[in-house]
1. Give all pairs with beta carbons closer than 7 Å in which a residue from segment 452-466 that is open to solvent by less than 50 Å² (accessible area, probe 1.4 Å) meets a residue that is charged (D, E, K, R) and near the ligand (Cβ under 8 Å from one of its atoms); count only pairs at least 6 apart in sequence or on separate chains.
2. Can you find even one residue in segment 354-373 that is open to solvent by less than 10 Å² (accessible area, probe 1.4 Å) and under 17 Å from Ala304 (Cβ atoms)?
3. Name the one entry in Met414, Met356 that is under 30 Å from Ile492 (Cα atoms), within 13 Å of the ligand (Cβ to nearest atom) and not β-branched (Val, Ile, Thr).
4. Return only the number of the condition from (1) within 23 Å of Glu135 (Cα to Cα); (2) modelled with pLDDT under 95; (3) open to solvent by less than 10 Å² (accessible area, probe 1.4 Å) that His528 does not satisfy.
5. Would it be correct to say that Val521 is touching a Pro at 6+ places or on another chain (Cβ under 7 Å), crowded, with 17+ Cβ neighbours inside 10 Å and over 11 Å from Leu474 (Cα atoms)?
6. What are the residues in segment 410-423 that are touching a Phe, Trp or Tyr at 6+ places or on another chain (Cβ under 9 Å) and not β-branched (Val, Ile, Thr), if any?
7. Counting only residues that are assigned to a strand (DSSP E or B) and of a type in the set (A, V, I, L, M), which one in segment 452-470 is farthest from Pro302 (Cα to Cα)?
Amino acid sequence: MKMETMPVTKGIYNLTDYDEVYKNFNWKSIEDKFSWSETGKINAAYEAIDKHADTFRKNKIALYYRDQEREEKYTFKEMKGLSNKAGNILKNAANVEKGDRVFVFMPRTPELYFIILGAIKLGAIVGPLFEAFMEGAVKDRLHDSEAKVIVTTPELLDRIPINQLPALKKIVVVGENVSAPHIDFLTEMKCASTKLDIVWVEKTDGLLLHYTSGSTGTPKGVLHVHYAMIQHYQTAQWVLDLKEDDVYWCTADPGWVTGTIYGIFGPWLSGTANVIVGGRFNHEAWYKAIEDYGVTVWYSAPTAFRMLMGAGDELINKYDLSSLRHVLSVGEPLNPEVIRWGMKVFQNRIHDTWWMTETGAHTICNYPCLEIRPGSMGKPVPGVEAAIVDDKGNELPPYRMGNLAIKKGWPSMMYAIWNNKEKYDSYFMQGNWYVSGDSAYMDEDGYFWFQGRVDDVILTAGERVGPFEIESKLVEHPAVAEAGVIGKPDPIRGEIIKAFIALREGYSDTEELREEIYTFVKSGLAAHAAPREIEFRDKLPKTRSGKIMRRVLKAWELNLPAGDLSTMED
Ligand code: WTA
């Protein structure tokens with residue numbers, strides 16, 4: 001079979017000879033770029049902002065921000081002063097100290113970035129939350145991490161069940177009319193000092209705590225440490241290919257790991273101008289942002305590309321997108337059709353990148369200097385060893401499908417699962433393979449091809465959602481006896497969430513009940529977690545030990561054979 005390929009586009013790239021670099025690369029060579037090589041200590045927020053503020057970059061724009069109401073820009077020097085102010089507020093008014101968990105629960109605005117950076121300057125561990133989260137989702141995460149401080153807006157304040165969170169000491173509110181005991185961030189900003197003593201930390205001190213879903217249990221807190229920054233930086237060089245004059249735009253929210261690692265650290269460790277567009281996805285506003293800012297490097301996700309593709313090419317012709325030179329995608333499989341469309345309308349290949357919250361940075365990618373094979377995620381980042389292994393951890397030859405695994409020891413690897421060593425250890429096979437939960441195969445040239453999740457994790461519009469969290473919410477509804485949740489293939493969103501429900505005695509299948517259950521999950525967890533499709537069944541398939549068999553539900557849905565049913569109850 002002849003494989004479709006897209007050749008390298010002419011250009012000068014940071015990574016020019018992949019094979020050569022892959023063979024000889026050692027992460028130690030990157031360590032020297034950061035302060036620990038001199039002082040033994042480090043702080044990622046210093047490296048991302050303050051360091052540049054004391055160089056030729058001081059008056060360079062670090063942040064271009066816009067939403068429907070605001071349009072602002074900040075230099076590295078201004079970012080340093082403003083994040084220092086935010087740090088001083090957290091330190092003086094909220095007593096934030098090294099190691100404390102500080103959560104941010106607010107929309108993307110410049111203040112969100114000042115606060116994240118300010119908290120990190122104090123050595124705090126930042127836990128970002130999507131603003132879409134409702135009370136139940138917020139509570140689980142703050143409770144598990146014993147967060148001390150949360151920063152939010154007046155609109156979201158009601159979703160923080162403060163009485164049920166004994167460790168939570170202070171709420172900082174960014175907005176108007178803030179009343180005590182909460183801290184009024186905007187008023188405090190007016191007089192806070194722009195000078196702050198950075199708290200220098202060890203390489204293995206905590207930086208970020210991202211909660212993410214698996215197929216069982218409540219969300220887990222994935223801890224990343226300051227040392228990971230060497231991979232944030234180096235992949236921003238090789239994969240994002242950032243250079244001094246680039247204008248870079250990552251469309252992800254910091255509630256998602258892409259929005260922190262490549263919305264904050266990748267670009268700013270590289271000293272690059274970073275565009276942040278607040279608000280929701282909007283075709284015209286997105287194209288206009290590329291045109292107005294002259295975006296050169298653009299990082300987004302398949303769902304967004306599919307929505308843009310669906311909106312038609314006439315729309316594109318209204319904008320000048322010729323500034324784009326490098327386009328990337330992450331989060332779900334990137335359809336070859338989307339890559340072909342990108343070639344046509346942006347005159348750019350779309351470069352797929354594969355990684356996870358747990359891997360902490362890019363691990364398998366398409367680089368500007370390599371040909372693209374549409375449908376493949378690309379090849380391992382230099383310094384990262386990937387393989388396909390069987391269920392015992394033995395490496396498999398090319399074209400055999402198996403578990404996508406990464407050899408332990410890459411710098412941005414998760415450092416811990418918060419308070420759950422057993423869970424952390426369970427990710428590793430034979431001690432040294434991190435097993436991703438994705439299945440894939442490798443071709444004979446070392447390109448990796450994604451096949452699906454091994455577990456029941458759902459990827460909907462790029463969000464990773466655990467079925468268990470939704471099922472648990474569903475059974476809290478008085479009408480629901482049992483619930484099983486699966487991802488159902490969808491042309492735009494990749495997958496949508498579908499719930500199978502067995503009703504309690506006395507309830508019957510009505511459209512109103514379906515709506516009510518949908519709203520119940522939406523208002524209890526988050527809109528993206530609510531099942532867009534609900535099907536009532538008299539009984540759900542279960543194992544003898546009472547576990548809902550999601551794979552059988554999936555087979556029902558897709559009209560496929562259900563496989564081995566020996567463990568199913570009668
Ligand atoms: C999926 C996102 C196919 C995969 C940074 C992975 C992908 C999960 C790709 C992690 C890709 C991510 N092609 N699937 N390029 N990138 N995934 O933790 O199933 O939100 O395990 O991190 O998304 O999702 P997470």
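The values are calculated or read from the model by the stated rules, or taken from the named source; none is laboratory data. What you see is a predicted model, and the numbers here were worked out from it, not measured in a lab. In this analysis, Cβ positions are derived from the backbone assuming ideal geometry, glycine residues included, and neighbour counts consider all displayed protein chains. Note: areas computed on protein heavy atoms with side chains; ligands, DNA, RNA excluded. Shrake-Rupley method; radii C 1.70, N 1.55, O 1.52, S 1.80 Å.
1. Matching pairs, first to second residue: Val457/Arg464; Leu459/Glu332; Gly462/Glu332.
2. No - not one qualifying residue is present in segment 354-373.
3. Working: Met414 fails: under 30 Å from Ile492 (Cα atoms).
Just one listed residue meets the conditions, Met356.
4. Of (1) within 23 Å of Glu135 (Cα to Cα); (2) modelled with pLDDT under 95; (3) open to solvent by less than 10 Å² (accessible area, probe 1.4 Å), only one is false for His528: (3).
5. On the way: touching a Pro at 6+ places or on another chain (Cβ under 7 Å): yes; crowded, with 17+ Cβ neighbours inside 10 Å: yes; over 11 Å from Leu474 (Cα atoms): no.
Taking the combined requirement at face value, the residue does not satisfy it.
6. Taking segment 410-423 as the starting set, the residues that turn out to be touching a Phe, Trp or Tyr at 6+ places or on another chain (Cβ under 9 Å) are 410-418.
Correct list: Trp410, Pro411, Ser412, Met413, Met414, Tyr415, Ala416, Trp418.
7. Restricting attention to segment 452-470, the residues satisfying the condition of being assigned to a strand (DSSP E or B) are 452-453, 458-460, 463-465.
Within this subset, residues satisfying the condition of being of a type in the set (A, V, I, L, M) are 458-459, 465.
Working: Ile458: 15, Leu459: 11, Val465: 16 Å.
The qualifying residue farthest from Pro302 (Cα to Cα) is Val465.
Here is a yes/no grid of residues against (1) assigned to a loop (DSSP other than H, G, I, E, B); (2) touching a His at 6+ places or on another chain (Cβ under 7 Å); (3) within 23 Å of Phe130 (Cα to Cα); (4) modelled with pLDDT under 90:
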site: Ala499; (1), (2), (3), (4): no, no, yes, no
site: Glu515; (1), (2), (3), (4): no, no, no, no
site: Tyr518; (1), (2), (3), (4): no, no, yes, no
site: Leu560; (1), (2), (3), (4): yes, no, no, yes
